[in-house]
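Nothing in this text is a laboratory measurement; each read-out follows from the coordinates by a stated rule. Predicted model only: the values in this text are computed from it and were never measured. Glycine also receives a Cβ, built like all others from the backbone with ideal geometry; neighbour counts cover every protein chain displayed.
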Amino acid sequence: MSQKDLKLFYSIAEVAEMFDVPETTLRFWERQFPKQIAPHKSGRNIRQYTAADIEKIRIIYNLVKVRGLKIAAARELLKKNKTGERQQSEVITRLQSLREELVSIREELNHIQ
């Protein structure tokens, strides 16, 4: 387990980097999905995201960026089917990870030949 996995809170910059989106996108999603994304804010109004917050952002990311849904459609889908979207998000994340691993293996094999 990496040192980053042991953190309790993540900054907006770290979360934005995880999803390769601008910080402004996370702030926008926070306004559009107030029930799902509500990071703790420190005394100076600095956002602090937990692992649970990041998982909710992952679901929204998959709906909006991967599946291409409009914000209103994503909001409605989350309202109707919380469990199914979470499970689907987990599957998509695992598949993306497997794809990255397979691409890496393919590149290694190409260097051997």
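The slack between residue 99 and residue 20, meaning 0.36 nm per residue of separation minus the straight C-alpha distance, is 26.7 nm. Rounded to the nearest Hz, the phi-derived 3J(HN,Hα) couplings of region 29-41 under the Karplus curve 6.51 cos²θ - 1.76 cosθ + 1.60 (θ = phi - 60°) are 4, 4, 6, 7, 10, x, 6, 8, 10, 9, x, 5, 10, where x marks glycine and proline. The residue 72 and residue 11 beta-carbon pair, evaluated with R₀ = 25 Å, returns a calculated FRET efficiency of approximately 0.30. Fully extending the segment from residue 80 to residue 40 would add 11.8 nm, taking 0.36 nm per residue of separation and subtracting the current Cα-Cα distance.
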